[in-house]
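The values are calculated or read from the model by the stated rules, or taken from the named source; none is laboratory data. All figures in this text were calculated on a predicted structure; none of them were measured in a lab. Here the Cβ positions follow ideal geometry from the backbone for every residue, glycine too, while neighbour counts run over all protein chains shown.
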Amino acid sequence: MIKIKVSNLVNDRYEYDFEGKISEIDISEPYIGNFNTNVALSKFGNQIILDAETGIIANLICDRCTKEFHSLVTSKYRMIYLFRQKLEDAENENLELVYIHPGTDKIDISGDIRDYALLAVPMKKICSEDCKGLCFKCGKNLNDDPCNCREEKIDSRWEPLQKLK
Ligand SMILES: [Zn+2]
Ligand SMILES: [Zn+2]
């Protein structure tokens, strides 16, 4: 759980650094190891603006060559907290806005960190921009070595033309 004490904060800008095992904030696959979250918080009147940036290593499987690789995934979000006496009247359609009671001592940001980290897992997982992938014929990982399928790839229909050359 990551909690930030918000009671008795004077109008100012604050920074926090959180580090720990991903299990502490309920994160698992594809993430591994530790998380690191940097929080910048600005308090002004009855409003708190919170910017969080999290970095976690993800263990991914390359879409092209099917090898596992590690990649640092960063996720950012902004959340605005508004102190409000009567929470039950507060209609809130905005996902980036949270109403909190003026008596709130601490805000728990673990859930938001987790949600945004999970959203940041890339859809397309490529181990490197120039990953050559697998040979569609023999299944060899072409990043390791080229295979011998190239020459055989010529369509048999073109064979007569080849002979003419
Ligand atoms: Zn790859
Ligand atoms: Zn091959």
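Just checking: which of the strands (runs of 3 or more DSSP E) contained wholly in the stretch 1-110 hold 3 or more residues that are closer than 30 Å to Glu129 by Cβ and β-branched (Val, Ile, Thr)?
Filter on the stretch 1-110 gives 47-61.
Selection of the stretch 47-72 for residues being out of contact with any helix residue (DSSP H, G or I) (no Cβ under 8 Å at 6 or more places or on another chain), of a type in the set (A, V, I, L, M, F, W, C) and under 24 Å from Val10 (Cβ atoms) yields Ile48, Ile49, Leu50.
Taken together, Lys76, Lys125, Lys140 contain a single residue that is within 16 Å of ligand 1 (Cβ to nearest atom) and either touching a strand residue (DSSP E or B) at 6+ places or on another chain (Cβ under 6 Å) or at pLDDT 95 or above (or both), which is Lys125.
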